[in-house]
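The values are calculated or read from the model by the stated rules, or taken from the named source; none is laboratory data. Quick caveat: nothing in here was measured; it's all calculated off a predicted structure. Neighbour counts run over all protein chains shown; Cβ positions are idealised from the backbone, glycine included. These area figures cover heavy atoms from the full protein model, side chains too; ligands, DNA and RNA do not enter into them. Shrake-Rupley method; radii C 1.70, N 1.55, O 1.52, S 1.80 Å.
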Amino acid sequence: MAPLPSLGRRGLLALPLLAALPARAAELAQGGLVTGRVAPGTRLALDGRALRVGPGGEYAFGFGRDQGPEAVLTVTPPGGRPEAQRMAVAKRDWPVQSISGLPPKQVTPDAAALRRIAAERERLAAARALDSARTDFAAGFVLPTHGRVSGVFGSQRILNGEPRQPHYGFDIAAPTGTPIVAACGGTVALAAEFFFFGRLIVLDHGHGVNTLYAHCSAIGVREGQQVEAGQRIGAVGATGRVTGPHLHFGLSWFATWLDAQPVLPPVTG
């Protein structure tokens, strides 16, 4: 996987006319999550889309896998005039990953399964569309489980020899039953069993930032429950479309999947 470019010392995202605090794990690259703080009362917009700014100036936004080479952040200081800052978004090279041995119905679902999948996509989209005022994301992220890296974000997937959509998660292989913890404090937005994801959990961390935990063998939380970073929420498993037990960990900003690996501590076995 190609390394992400650095934003310079301490990952500072410099906003015009403002003394912005360092952004946590900010990466101006495809797949990058950008978080930080501006002066309270500042208004922000990314490519014309208004961003939520917390009471302490917290903000978050992200760039998808196929984000173009430039984005525009418009900053309006309290009582001031808007100013547009053009940001260069670095292009990344994505690897190709081939996976064999999946059950054929998991690669090419039948009509009944396709109806189920469509309904599940709507449920997942609703969970990821939440725009709560929480600012848990500003505290950063902890490792959701321990194991070995078995899949990375953005890779083009070849399943049983057939090209499929890119992989939008970060996979950590571990034995069934290995504890899974919340990578960040938040609210349980979804806890259910899906066709592809198996047993999964989605946590809302505020401002559209959410994390997904898939293929669980067990779910230990309920929808609407508040959780703290590091709190056990489930266990690694092999439910859904898998070839072995692992955690598929997803990070997103609303409907945009992001690369979780740069915001996490190093994976340990």
Could you look through the range 178-188, keep only residues that are under 22 Å from Arg241 (Cα atoms) and in a strand (DSSP E or B), and pick out the one that is most open to solvent (accessible area, probe 1.4 Å)?
Pro179
Among residues of the range 240-254 being under 24 Å from Val209 (Cβ atoms) and not in a strand (DSSP E or B), the residue nearest to the chain's Cα centre (by Cα) is Phe254
Residue ID - surrounded by the fewest Cβ atoms within 10 Å (Cβ to Cβ), chosen from residues in the range 147-177 that are part of a strand (DSSP E or B) and modelled with pLDDT of 85 or more:
Arg148
Can you give me the number of residues within the range 210-227 that are closer than 18 Å to Phe137 by Cα, open to solvent by 10 Å² or more (accessible area, probe 1.4 Å) and assigned to a strand (DSSP E or B)?
1
Contact list, first residue from the range 228-249 and acidic (Asp, Glu), second anywhere and surrounded by 14 or more Cβ atoms within 10 Å (Cβ to Cβ), beta-carbon distance below 8 Å, six or more apart or interchain, is Glu228/Ala182; Glu228/Gly185
Testing Arg49 on (1) at pLDDT 95 or above; (2) open to solvent by less than 50 Å² (accessible area, probe 1.4 Å); (3) within 22 Å of Phe254 (Cα to Cα), one condition comes back false. Which one is that?
(2)
Residues to consider are Gly230, Gly198; find the one that is small (Gly, Ala, Ser), at pLDDT 95 or above and open to solvent by 10 Å² or more (accessible area, probe 1.4 Å).
Gly230
Residue count, the range 55-99 (criterion: among the polar types (S, T, N, Q) and under 23 Å from Pro166 (Cβ atoms)):
3
Identify, by number, the condition in (1) open to solvent by less than 60 Å² (accessible area, probe 1.4 Å); (2) in contact with a Pro (Cβ under 9 Å, 6 or more places away or on another chain); (3) at pLDDT 90 or above that Phe63 doesn't meet.
(2)
